[in-house]
Protein chains: 2
Amino acid sequence: MKAALISIGDELLIGQTINTNAAWLGKELSFRGISVEISWTISDQPAEITSAIDFLSEKADLIILTGGLGPTKDDLTKHTLTQYFQTELEIVPEVLGRIETFFAKRKRPMLEVNVQQAALPKSCTILHNYHGTACGMWFQKGETIVISLPGVPYEMKGIMNDEVFPRLNQRFTLPNIYYETLMTQGIGESFLAEQIAEWEDKVRAKGFGLAYLPSPGIVKLRLSSKRGDRDKEEIQSLLQEIKDQMPKHAYHLGEMTLSEYLGKLLLHQGLKIGTVESCTGGHIAELLVQIPGSSRYYEGSIVAYSYEEKEKLLEVDHHTLQTKGAVSEEVIVQMAEKGREVLGVDVCVATSGIAGPDGGTDEKPVGTVWIAVATENTTFARVFQFGDNRERNIHTTALTAMNLVRCVLEGISFEKK
Amino acid sequence: MKAALISIGDELLIGQTINTNAAWLGKELSFRGISVEISWTISDQPAEITSAIDFLSEKADLIILTGGLGPTKDDLTKHTLTQYFQTELEIVPEVLGRIETFFAKRKRPMLEVNVQQAALPKSCTILHNYHGTACGMWFQKGETIVISLPGVPYEMKGIMNDEVFPRLNQRFTLPNIYYETLMTQGIGESFLAEQIAEWEDKVRAKGFGLAYLPSPGIVKLRLSSKRGDRDKEEIQSLLQEIKDQMPKHAYHLGEMTLSEYLGKLLLHQGLKIGTVESCTGGHIAELLVQIPGSSRYYEGSIVAYSYEEKEKLLEVDHHTLQTKGAVSEEVIVQMAEKGREVLGVDVCVATSGIAGPDGGTDEKPVGTVWIAVATENTTFARVFQFGDNRERNIHTTALTAMNLVRCVLEGISFEKK
């Protein structure tokens, strides 16, 4: 099965928005054995939309359009498709009801443009949107399926998962792919590849697919089989091999964020956590709180960004701060230990570092970060050297801090390099 | 001048790499008045490359191909272009010399594949790459310029800046697109469109382009002219009209995040800020800290997620907490005021709400959020009703809180609905 993508919107062409939708669709479709042959980005103009469909329907069995379905005047896709497929718009009561509920829930007034979002082409199959007000549409053009979806990423993804993939699975015999993911933190893609080179040769020789899926601070290792569940046990035991080999980095077999994993671990051990943050500025707390139900194990945090707050809120020793600096082993240990007391928690993790772009010295260049974990029995501190990008330093520090907490709680020795 | 982009590479089609090159080129070209009409992503196959050039040279005066110029076997672009333009490859001594220096500097061995990177089509203008080993190529196909560049982002950008833009400026009088952006917070795309409908008709009648660029919590309004700087004043004053009309929502004329704007405002007023967060779990702090140099106005935060921490760290009154609940006007006012004292800051913003998915009641459904801003003179509190998505509630609350601080500091009245 061959697919073509059409992303609609001037904001994409002029680079104001980066096209993450095409990447997500490419990943999800090719993973399901649907080959994405070509991807176009075009402007929101009827002639562009229709000529793209004309051209690509010669090449693809499935065309997915994203964007151009919002309520405002510059979103023309729906009208263009209605004309193209020689049908007409008609208010769909079920959709109108859902839009009304959507606005009522949010106590926001519903406008005429929103009512018009319930007007959909008669000849299409409606793809319901449970995350927003613009429905998706499924048309048939000869042998080719033409699907139009809103451009807002989480709405597009929701409709793909809720409505499109189940229908595609029903209509076509897509290859029966089984896969499992191993989550790793703190090891780069190339370094990971080097460490598991032999294992990789082995699994490839068995005909399994292996993919490295990197995102900042995290690399997912995905092992897949085209023989479906029949290879489930073998795939799981192959990944478990790697997990056993690198316990400091591999934290979970199966897709799971580090904050979710840590949450489960804290719940299981009956521990409460707090954070004391300097360079991460609350980012660890935020990642923990993103998990629903985190109030069962997360108590609170102190972000002590300035020297003054470190003394005032945490009673970090003035002399130590002045002589060793905030980015030092002595201070980070005090931050974690005092934080544990002040917050009254079982585990406290603290961060202090130079996120950049300024503030670095020869001795402590940008990217130098101290992290400490204090528990009832022990305080563990370690220094890291990250890069020179502020945003990535903050994020990487937060992930590394959470992974350190995990290692401490799981009794994994994490001796200094 | 019309441009078309061709991004080459399977890693883009299968979504392993997000196409940031197309976004960068779109931004840089349209900024220079070159209109990007269409952008294709294709796989690294000769037939795909030649048919893309055939098709797009009918539509564009300038085609820029990126990718497919590395030394590895799957990079076929150079050979394909050599055949397509009926020329032949020839080692260019100057380029070979630079490649040799490149490897010598890095003390890495130079391989035969690298020598071959100095072999370039005779009929092209060579675009030198001072950041890597793969040169760019400039061909002429009738009236259309066809440029091929490596896909590594910093190499591609380097060649564009060093070699392509100077040549384009020399050869063409480029039309001059001018645009300006108005940043708004807390007003949905549809509601904004309805509020400015008359204004929108007016600006469209004048021939200006208008785009709504929504992202969670923020809508950018972009107004553009194809007559360049000549319309600068008019565009700015048209956007200023809207800014004056909705001071609670429109926070800045020109592209700028809310945290950056707030940072400048705090610096300008010589004020220090702190945050006291419950439902946002440190997210406001994190957004403030993302801005380099935020230590000049950001002091620290307390994340008091549990009832206990609210009492312990902020001395919120036990009785008030028990009778009114944490999500109440009485508690949020105490949080902001006590936070201001404890942190020792000029301005303190506090949040407390039910982020969801659980924890809602009939009286306080999921999405109910109290926000308060305390300054030396006043404390202002307001309740909001957001949606049912936890992550978005947290993010929207953080943006709304920052916007409330802005309104308070700018003396914009924000009376209760």
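Against the numbered list (1) touching a strand residue (DSSP E or B) at 6+ places or on another chain (Cβ under 6 Å); (2) at pLDDT 90 or above; (3) more than 9 Å from chain B (Cβ to nearest Cβ), residue A:26 comes up short only at (3).
Contact map, segment B:198-219: residues that are touching a residue at least 60 places away in the same chain (Cβ under 8 Å) and facing another protein chain (nearest Cβ under 10 Å) paired with residues that are surrounded by 15 or more Cβ atoms within 10 Å (Cβ to Cβ) and not aromatic (Phe, Trp, Tyr), Cβ distance under 7 Å, separation 6+ or inter-chain. Pairs shown: B:216/B:392; B:216/B:395; B:216/B:396. Just one of (1) buried (at least 22 other Cβ atoms within 10 Å of the Cβ); (2) of a type in the set (A, V, I, L, M, F, W, C); (3) in contact with a helix residue (DSSP H, G or I) (Cβ under 7 Å, 6 or more places away or on another chain) fails for residue A:76. It is (1).
Would you mind stating whether residue B:260 is farther than 30 Å from residue A:357 by Cα and within 14 Å of chain A (Cβ to nearest Cβ)? Considered against the rule, which asks whether it is farther than 30 Å from residue A:357 by Cα and within 14 Å of chain A (Cβ to nearest Cβ), residue B:260 comes out as no.
Examine segment B:356-364 for a residue that is crowded, with 22+ Cβ neighbours inside 10 Å and modelled with pLDDT under 95, and state whether such a residue exists. There is at least one residue in segment B:356-364 that is crowded, with 22+ Cβ neighbours inside 10 Å and modelled with pLDDT under 95. Scanning segment A:32-67 for residues that are assigned to a helix (DSSP H, G or I) and either within 21 Å of residue A:127 (Cα to Cα) or in contact with a His (Cβ under 8 Å, 6 or more places away or on another chain) (or both) gives A:46, A:49, A:50, A:53. Look at residue B:244 and say whether it is more than 29 Å from residue B:355 (Cβ to Cβ), touching a residue at least 24 places away in the same chain (Cβ under 8 Å) and not β-branched (Val, Ile, Thr). When the stated conditions are applied, residue B:244 does not pass them. For segment A:87-140, a residue qualifies if it is among the basic types (Lys, Arg), surrounded by 15 or more Cβ atoms within 10 Å (Cβ to Cβ) and either part of a loop (DSSP other than H, G, I, E, B) or touching a helix residue (DSSP H, G or I) at 6+ places or on another chain (Cβ under 7 Å) (or both), and the qualifying residues are A:106, A:108.
Would a scan of segment A:220-243 turn up a residue that is assigned to a loop (DSSP other than H, G, I, E, B) and touching a Leu at 6+ places or on another chain (Cβ under 8 Å)?
no
Does residue B:274 satisfy the condition of being in contact with a Cys (Cβ under 7 Å, 6 or more places away or on another chain), farther than 23 Å from residue A:111 by Cα, within 13 Å of another protein chain (Cβ to nearest Cβ) and among the small types (Gly, Ala, Ser)? Yes; evaluated as a whole, the condition is true for this residue. Checking every residue in segment B:192-200 against the condition of being under 17 Å from residue A:71 (Cα atoms), at pLDDT 95 or above, surrounded by 14 or more Cβ atoms within 10 Å (Cβ to Cβ) and charged (D, E, K, R) gives at least one match.
Quick check on residue A:15: is it within 8 Å of chain B (Cβ to nearest Cβ), part of a helix (DSSP H, G or I), without any contact (Cβ under 8 Å) to a residue 24 or more places away in the chain and buried (at least 22 other Cβ atoms within 10 Å of the Cβ)? Against the criterion (within 8 Å of chain B (Cβ to nearest Cβ), part of a helix (DSSP H, G or I), without any contact (Cβ under 8 Å) to a residue 24 or more places away in the chain and buried (at least 22 other Cβ atoms within 10 Å of the Cβ)), residue A:15 does not qualify.
Take the conditions facing chain A (nearest Cβ under 10 Å) and surrounded by fewer than 24 Cβ atoms within 10 Å (Cβ to Cβ) and apply them to residue B:269. Does it pass? Against the criterion (facing chain A (nearest Cβ under 10 Å) and surrounded by fewer than 24 Cβ atoms within 10 Å (Cβ to Cβ)), residue B:269 does not qualify. Taking segment A:277-374 and the helices (runs of 4 or more DSSP H) fully enclosed by it, the elements with 2 or more residues that are β-branched (Val, Ile, Thr) and either under 22 Å from residue A:399 (Cα atoms) or within 14 Å of chain B (Cβ to nearest Cβ) (or both) are at A:283-289, A:329-343. Taken together, the residues in segment B:36-51 that are within 8 Å of another protein chain (Cβ to nearest Cβ) and either over 17 Å from residue A:21 (Cα atoms) or of a type outside the set (S, T, N, Q) (or both) amount to 7. Of all residues in segment B:169-185, those satisfying the criterion of being away from every other protein chain (no Cβ under 11 Å) and crowded, with 17+ Cβ neighbours inside 10 Å are B:178, B:180, B:182, B:183, B:184, B:185.
The values are calculated or read from the model by the stated rules, or taken from the named source; none is laboratory data. All of these numbers come straight from a predicted model, not from anything done at the bench. Here Cβ is always computed from backbone atoms with ideal geometry, including for glycine, and neighbour counts include all displayed protein chains.
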